[in-house]
Every structure is written in C-alpha cells, then in structure tokens.
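Working notes for the structure below.
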Amino acid sequence: MILADKIIALRKKAGWSQEELARQLDVSRQSVSKWEGAQSVPDMERVLQLSRLFGVSTDYLLKDEMECPGTAPLPDEAGALRRVTMEEAAAYLERGWRNAPWMGLATLLCIISPTPLLMLAGLSRTPGLPLGEQTAVGLGIIALVTLVAAAVALFLICDARGAELRFLEKEPFETEYGVAGMVRERRKAFRPRCTRLNITGVVLCILSVVPVFAVTAALPAGAEDGLWYAAAVCCLLWLAGMGVFAFVYGGTCWEATECLLEEGDYTRRNKARRHLVEAVSMAYWLVVTAGYLAYSLTTGSWEHSWAVWPVAGLLYGAAMAFLNLLDAPRREGEG
C-alpha cells in the first residue's frame with residue numbers, strides 16, 4: 001500500500017473529510033487531495049504530523065511494503081470494509097449521470113402537477129365556455145394524479161438502476177488505488193457545467209414570480225379574472241419547476257462524486273443517520289400530501305391550495321438546516 005492509499009484509509013477510519021484533515025494539519029484541502037491522488041507527497045513535517053495524528057509510525061507511512069502495525073479499528077470498522085473497484089466506481093458515476101435528467105424531470109412533473117387543475121378551474125369560471133366547475137375539478141384531479149404517478153414511476157426506475165451499488169450510499173467502504181483521483185478529475189471537469197446549472201436554477205426561481213406581478217399590474221383595480229391569475233400561477237410553477245430541474249440535474253451528478261469520495265452528505269457520520277433522515281422525510285411529505293388533499297377536497301379551493309407545496313418545501317429546508325445546526329457542535333467535538 002502506497003502513502004496515498006494509507007492517508008485515505010487512515011482519514012476514513014477517523015471519519016474525517018478532506019476538509020477536516022486539512023484543518024488538523026493546517027494545510028489546504030487541495031493539498032490533501034493531491035496527496036490522496038498520488039499527485040504530490042507531504043513534506044517531512046507533515047508526515048510527522050500525520051504520524052502523531054493517526055497514531056502510526058513514520059515507517060508505516062513511508063514504506064510501501066509495511067502494513068499498519070497493530071492499529072485498532074474503530075468500532076464501526078471492526079469488519080473488513082467492502083473495496084470499490086475502478087469499474088464499480090465508473091459504473092456508479094455513469095448511473096448518476098444517466099439518472100440526473102430523469103430525476104430532474106420527475107421533480108418537474110411533481111411541481112407542475114397542479115397546473116392542469118388550475119387552468120381548468122379558471123376556464124370553468126370564464127363566461128361562455130361550456131365547462132362546469134365540477135367537471136373541471138374532476139378532470140384537473142385526474143391530470144394531477146397522472147402527472148404525480150408518472151413522476152413516481154420515474155423515481156422508482158432511477159432507484160432500481162444499479163441497485164447492486166446502493167451500498168455506497170449507506171455503508172462505509174474503501175476504494176482501490178486511483179479511484180479517488182479518477183472521481184476528482186471527473187468532478188473537476190463537471191464543475192463548470194454544475195455552476196451553470198445552479199445559476200440557471202437560481203435565475204428561473206427568481207423570475208418565476210414575475211408573471212403573477214405582471215398580471216396584478218396589468219389588470220385594472222378591482223377586476224377579478226380567475227383565468228389570468230390561474231395562467232400566471234401556472235407560469236410561476238413552470239418556471240420554478242424548470243429551475244428545480246436544473247438544481248436536481250446538477251445536484252444528482254455532483255452527489256455521485258461526493259458519495260464515492262465519502263464527502264458532503266455521504267461522510268460516514270452522515271450515513272449513520274441517513275436512515276433516520278429518510279424516515280422523517282417520508283413521514284413529513286406524506287403528512288403534507290394528506291393535508292393538501294384534505295384541505296382541497298373539503299374547501300374546494302384548488303386554485304389556492306397549491307401554495308401548500310412551496311411553503312412545505314421552505315419549511316422542510318429550514319428543518320433540515322436546523323437539524324444540521326444542532327448536529328454541528330457534536331461533529332466539531334468528535335473532530
């Protein structure tokens with residue numbers, strides 16, 4: 001085992017990200033990345049720091065043929081970790097790249113699912129059109145459920161792809177020599193595209209409110225035109241949905257690299273609590289969906305109840321940020 005692999009193995013046993021190890025050594029994350037990618041080697045001072053930090057000898061670090069002498073595994077590392085080959089890593093990245101547009105489309109379908117209902121409700125209130133309100137609501141609900149069903153089908157198809165590699169998202173693992181370097185190179189090449197997608201997403205989400213304000217400004221004071229407002233809200237949902245599509249597209253590709261590097265949301269500490277987060281998220285969105293349907297069916301205000309979704313999304317993001325904030329002191333104490 002060469003020095004690069006030893007640094008990776010020791011860092012992961014300690015449960016640290018590259019950023020955390022860099023802080024311990026008072027170096028940049030790029031320096032740690034280059035050491036682990038065998039693109040450079042630490043100087044003797046850093047080797048001594050690594051030796052003290054991980055509790056191993058300098059001989060172990062510098063001599064390729066030496067195995068770690070009696071280093072006790074951490075409790076969660078008592079068994080041998082699965083070793084990810086270059087072929088498996090490439091397949092996982094390919095799966096993420098292939099799923100990204102479909103995951104984005106599924107999310108877009110969920111966001112725009114109320115638009116047929118909104119437009120049909122607006123048309124039913126337009127004089128001269130032979131469309132009753134009850135018929136409009138019935139057709140709109142059918143369209144909404146169909147779009148949501150299509151989105152769920154896409155999510156399930158994406159989840160089924162590469163099921164044999166799903167352990168990467170839930171379990172700690174080791175990688176063969178060269179895998180980390182390959183993943184970083186792929187991520188470096190993708191970074192400009194990811195940046196463009198994020199910028200596009202932000203711009204579209206900001207512009208999404210323009211149609212509503214435009215209709216409000218264009219209609220005379222006191223005028224009530226449900227069709228125009230419904231169209232404006234539909235434009236809002238479409239623009240916001242396309243913005244979220246860009247976020248999900250870029251985020252899915254980026255997360256594939258983070259998973260293989262065990263960084264970001266995929267550090268070993270985060271994996272340990274991933275099951276809890278997934279369970280809480282599922283329960284939250286089931287409650288939101290039940291509340292949305294109950295309110296809409298009880299009041300018949302389908303043209304207004306769509307607001308449940310952006311509010312729920314904001315509350316969900318705030319709740320996740322709050323949980324991360326609560327967990328931050330513990331992470332710092334363990335680091």
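The values are calculated or read from the model by the stated rules, or taken from the named source; none is laboratory data. Nothing here was measured: the structure is a model prediction, and the numbers come from that model. Ideal geometry is used to build each Cβ from the backbone, glycine not excepted, and the neighbour counts take in all protein chains shown. Heads up: the accessible areas ignore ligands, DNA and RNA and are worked out on the full protein's heavy atoms, side chains in. Shrake-Rupley method; radii C 1.70, N 1.55, O 1.52, S 1.80 Å.
Below, the figures for the structure above:
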{"quantity": "First in region 172-196 and closer than 21 Å to PHE247 by Cα, second anywhere and open to solvent by less than 70 Å² (accessible area, probe 1.4 Å) and aromatic (Phe, Trp, Tyr), Cβ under 6 Å, 6 or more apart", "calculated": "CYS194/TRP254"}
{"quantity": "Subset tally (residues that are modelled with pLDDT of 85 or more, open to solvent by less than 20 Å² (accessible area, probe 1.4 Å), more than 30 Å from VAL148 (Cβ to Cβ) and assigned to a helix (DSSP H, G or I)) for region 68-112", "calculated": "1"}
{"quantity": "Pair list, Cβ under 8 Å, 6 or more apart: region 26-48 residue touching a residue at least 40 places away in the same chain (Cβ under 8 Å) and outside any helix (DSSP H, G or I), other residue exposed (fewer than 15 other Cβ atoms within 10 Å of the Cβ) and of a type in the set (Phe, Trp, Tyr)", "calculated": "ALA38/TYR177"}
{"quantity": "Subset of region 122-135 that is at pLDDT below 80 and hydrophobic (A, V, I, L, M, F, W, C) - its residue that is least open to solvent (accessible area, probe 1.4 Å)", "calculated": "LEU131"}
{"quantity": "Which listed residue, of VAL212, VAL203, VAL277, is modelled with pLDDT of 90 or more and in a helix (DSSP H, G or I)", "calculated": "VAL203"}
{"quantity": "Some residue of region 10-17 being open to solvent by 20 Å² or more (accessible area, probe 1.4 Å), touching a residue at least 40 places away in the same chain (Cβ under 8 Å) and touching a Pro at 6+ places or on another chain (Cβ under 8 Å)", "calculated": "yes"}
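To keep it simple, each residue is scored yes or no on (1) under 27 Å from the mean Cα position of the chain (by Cα); (2) surrounded by fewer than 17 Cβ atoms within 10 Å (Cβ to Cβ); (3) over 30 Å from GLU87 (Cβ atoms).
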site: VAL148; (1), (2), (3): yes, yes, yes
site: GLU169; (1), (2), (3): yes, yes, no
site: THR175; (1), (2), (3): yes, no, no
site: LEU207; (1), (2), (3): yes, yes, yes
site: ALA218; (1), (2), (3): no, yes, yes
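Table: residues versus (1) modelled with pLDDT under 75; (2) part of a helix (DSSP H, G or I); (3) surrounded by 14 or more Cβ atoms within 10 Å (Cβ to Cβ).
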position: ALA232; (1), (2), (3): no, yes, yes
position: LEU236; (1), (2), (3): no, yes, yes
position: ALA246; (1), (2), (3): no, yes, yes
position: CYS253; (1), (2), (3): no, yes, yes
position: GLU258; (1), (2), (3): no, yes, yes
position: LYS271; (1), (2), (3): yes, yes, yes
position: ALA283; (1), (2), (3): no, yes, no
position: THR289; (1), (2), (3): no, yes, yes
position: GLU303; (1), (2), (3): yes, yes, yes
